[in-house]
1. Could you let me know the centre-to-centre spacing of the range 164-181 and the range 1-50, using Cα atoms, in angstrom?
2. On average, how much accessible surface per residue is there in the chain, in Å², for a 1.4 Å probe, leaving out ligands, DNA and RNA?
3. Show which lysines lie in cross-link reach of LYS127 when reach means a straight Cα distance below 23 angstrom and same-chain residues fewer than eight apart are skipped.
4. When the accessible area of the chain is split by element with a 1.4 Å probe, what percent falls to carbon and sulfur?
5. Dipole of the chain, Cα-centred, from +1 at each Lys and Arg C-beta and -1 at each Asp and Glu C-beta, to the nearest 20 debye?
6. At 222 nm, what helix-only mean residue ellipticity would the chain give, in deg cm²/dmol to the nearest 500, using -39500 (n - 2.57) for each DSSP H run of four or more?
Amino acid sequence: MTKNLINLLAKEQVFPIIRKKDPQQVVDIAHALIDGGIKILEINVENPTIYSAIEEISKEVTVCAGGIITTLQAESAIDAGAKILSSPIFHMNLVKLSKNKQIPFIAGASTANEAYDAWKVRVPLIKLYPIKALGGALYVEDLLRPMPFLNVLAQGNVKLSEVPSYIKAGAMAVGVGRDFYEGCSFAEISKRAEYILKELKG
C-alpha cells in the first residue's frame, strides 16, 4: 500500500496542500482541484473541524493529512479516512504509529542528518521543509548529490511556476499551497491544476 501511494505521488509530481480553518472552504477548494484532474492532495489539520473535510474528500481522492505532530491527530486523521500522514517534523512516535497502522508517513526534514535519519528508519518519503528558506531547488540538488537514494518532497512557499525546476533538481514531487488557490475562483483553481499537470507530463 505504501509503495502504491508513493508511486501515485511520483506519477503526479505536484501535490496540492490545502490550509484553511473552515472545513467548507477546504471541501470547495478540494473539489475545484479534483475537477482539474488532481488525484492526491494534502489537507492540513488546522483544527479538529477539518477532520469532517478529510472524511468527505477521502471518498473521492487520496487524502494526506498534513501538519500532523501528535499521535492523537494522526489517529483522528486515519479514522476520518486519510491514507497518508504528513508532518513538518521527524518524530519516532509518528513513525511507529504509521508502521502499526500501515499508513505511509511523510516526515519533515530540513538538514542532511534529519533526512538521512528518516531514511534509515524507512520513512518512504522525506519532506524538505521549508524548502524556499533552505535554498530552493539548489538545496534539493545539493542534498541528493551525496544521497541519491532519498525520495524527497519539496514543500514550503513554492509557486506553481517553480515546480518543474524542483522536479529537474531531483524531487519526487512538489507540494504547492497558497499559489494553487489564494485569490482564485474555483474555475481558475481547476484551470491551474489542469495546466500544471499537463506541463509536467510534457
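The values are calculated or read from the model by the stated rules, or taken from the named source; none is laboratory data. As the structure is a prediction and not an experimental result, all values here were calculated from the model. Positions of Cβ are backbone-derived with ideal geometry, glycine not excepted, and every protein chain shown enters the neighbour counts. Each accessible area value is taken on the protein alone, full model and side chains, heavy atoms only, with ligands, DNA and RNA left out. Shrake-Rupley method; radii C 1.70, N 1.55, O 1.52, S 1.80 Å.
1. 14 Å
2. Details: 9370 Å² over 202 residues.
Computed with neighbouring chains in place, this is 46 Å² per residue.
3. Straight-distance partners of LYS127: LYS3, LYS11, LYS20, LYS21, LYS39, LYS83, LYS96, LYS99, LYS101, LYS159, LYS168, LYS201.
4. On the way: 4810 of 9370 Å².
Heavy-atom surface of the chain belonging to carbon and sulfur, 1.4 Å probe: 51 percent.
5. 600 debye
6. Numbers: 11 runs with 100 residues, N = 202.
The helix-only estimate for the chain comes to -14000 deg cm²/dmol at 222 nm.
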